[in-house]
Amino acid sequence: MPRSVNSVAKRARRKKVLKQAKGYFGRRKNVWTVAKNAVDKAMQYSYRDRRVKKRTFRALWITRINAGARLHGMSYSQFMGKLKANNIELNRKVLADLAMNHPTAFEAIVNKIK
């Protein structure tokens, strides 16, 4: 009995990977073996960096809150500690937005916790 190969599925798999590699430089976009490695690595980076993005945004928010708090004579840790003590439950994302775009609202929060 002759050997059966599923060429249709094989071609579909390769087309899928080459489509994902569209826009890559040089042979990474059109040579199967190179494109497969490039796409695999890109997928690893995208998986990892979806988590790293959360960390970097949190660090950015903390920096902005710290800058806003220091304008009113407090450090970040003092500010966050007093927020918790006064049961003000605003997350860092909202606090950073207030510190950057609505300084009067941020100042009202600072005055409330002092």
Count - residues of the stretch 72-87 that are free of Cβ contacts under 8 Å to residues at least 12 places away in the same chain and outside any helix (DSSP H, G or I): 3
Single residue of the stretch 46-73 satisfying the filter (aromatic (Phe, Trp, Tyr) and surrounded by 11 or more Cβ atoms within 10 Å (Cβ to Cβ)) that is nearest to residue 98 (Cα to Cα): 61
Exactly one of 24, 45 is under 23 Å from the mean Cα position of the chain (by Cα), among the aromatic types (Phe, Trp, Tyr) and part of a loop (DSSP other than H, G, I, E, B), and that residue is 24
If you check residue 85 against the conditions, is it open to solvent by less than 60 Å² (accessible area, probe 1.4 Å) and out of contact with any strand residue (DSSP E or B) (no Cβ under 8 Å at 6 or more places or on another chain)? no
Give me the pairs, please: first residue somewhere in the stretch 21-37 and free of Cβ contacts under 8 Å to residues at least 12 places away in the same chain, second residue anywhere and not in a helix (DSSP H, G or I), beta-carbon distance under 9 Å, and either six or more positions apart or on two chains. 28/21; 29/21; 29/22; 29/23; 34/21; 34/24
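The values are calculated or read from the model by the stated rules, or taken from the named source; none is laboratory data. Remember, it's a predicted structure, so these values are computed and weren't measured experimentally. All Cβ positions, even for glycine, are placed from backbone atoms using ideal geometry, and neighbour counts span all protein chains on display. These accessible areas exclude ligands, DNA and RNA; they are computed on the full protein's heavy atoms, side chains included. Shrake-Rupley method; radii C 1.70, N 1.55, O 1.52, S 1.80 Å.
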